[in-house]
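The values are calculated or read from the model by the stated rules, or taken from the named source; none is laboratory data. These numbers were taken from a predicted model, which means no experiment stands behind them. A quick note on method: Cβ atoms are made from the backbone with ideal geometry, for glycine too, and the neighbour counts reach across all protein chains shown.
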Amino acid sequence: MITRSLKLLLLIPLLLSACATLVPKHYLVTHEQLDRAWAKSFPLQRSVGNGLFNASLTTPEVTFLTSQNRIALITHFSASSLLAGEVKGRIGLSGALRYDAAQRALYLQDPNLETLEVDQGAPELGKVLRPALNMMLSEYLRANPLYQFKQDEMRYAGMEIDITQISVVENGIKFDLKPR
């Protein structure tokens, strides 16, 4: 005869497996969520050498490159150099996505500066400033997440959730989930 305690003990694995099937399979970070997260980080301003070089990055726009499983970031810039004058325009870069589980954060991995358009100022100056702007934005993106999950977003029904895959889709960034 099985005692009541033993019956309950035998039910625990069944209950745990039932909870695991309740965990959603996917989580979507929408374009709107990314825009809100990015709005908190900009404008981004840097100065080097007591005004020798100043730059400001504003108005970031995120685009999803679904076929490449990457995202693109386009931002307006204003840069000036004591020796070369001022230039304004837009820069665009793209990168793959990397998830850091310890920080619950999504980063742009290996950002690559792809475009630099000069709207005001000498186009040659844009070319000269390109490496500095690339370094400025790349360093910022390596140190600051595109999106950071709240603690409660990584739990469901009392269970910890792990991310197994990241995909860039038309309406956002999709995370495949599994219970820990």
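Tell me, which residue of the stretch 115-135 that is crowded, with 17+ Cβ neighbours inside 10 Å and among the aliphatic types (A, V, I, L, M) is nearest to the chain's Cα centre (by Cα)?
Looking at the filtered set, the residue picked out is Leu133.
To keep it simple, each residue is scored yes or no on (1) of a type in the set (Lys, Arg); (2) in contact with a helix residue (DSSP H, G or I) (Cβ under 8 Å, 6 or more places away or on another chain); (3) closer than 21 Å to Leu73 by Cβ.
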position: Gln109; (1), (2), (3): no, no, yes
position: Leu113; (1), (2), (3): no, yes, yes
position: Asp119; (1), (2), (3): no, no, yes
position: Gly126; (1), (2), (3): no, no, yes
position: Asn144; (1), (2), (3): no, no, yes
position: Gln165; (1), (2), (3): no, no, no
position: Val169; (1), (2), (3): no, yes, yes
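Is the stretch 113-134 home to any residue that is in contact with a Pro (Cβ under 7 Å, 6 or more places away or on another chain) and on the phi < 0 side of the Ramachandran plot?
Scanning the stretch 113-134, I find no residue that is in contact with a Pro (Cβ under 7 Å, 6 or more places away or on another chain) and on the phi < 0 side of the Ramachandran plot, so the answer is no.
Can you name every residue in the stretch 91-138 that is assigned to a loop (DSSP other than H, G, I, E, B) and more than 19 Å from Leu34 (Cα to Cα)?
Of everything in the stretch 91-138, those that are assigned to a loop (DSSP other than H, G, I, E, B) and more than 19 Å from Leu34 (Cα to Cα) turn out to be Ala102, Gly121, Ala122.
Do any strands (runs of 3 or more DSSP E) lying entirely in the stretch 39-84 carry at least 2 residues that are aliphatic (A, V, I, L, M), surrounded by 14 or more Cβ atoms within 10 Å (Cβ to Cβ) and touching a Pro at 6+ places or on another chain (Cβ under 9 Å), and which ones are they?
By residue number, 70-81.
Just to check your reading of the model, which residue among Ser138, Ser167 is under 17 Å from Arg90 (Cβ atoms) and surrounded by 13 or more Cβ atoms within 10 Å (Cβ to Cβ)?
Ser138
If you take the residues of the stretch 57-92 that are basic (Lys, Arg) and within 23 Å of the chain's Cα centre (by Cα), which of them is modelled with the lowest pLDDT?
Arg90
Being assigned to a helix (DSSP H, G or I) and of a type in the set (A, V, I, L, M, F, W, C) is the filter; apply it to the stretch 139-180 and report the residue that is modelled with the lowest pLDDT.
Met154
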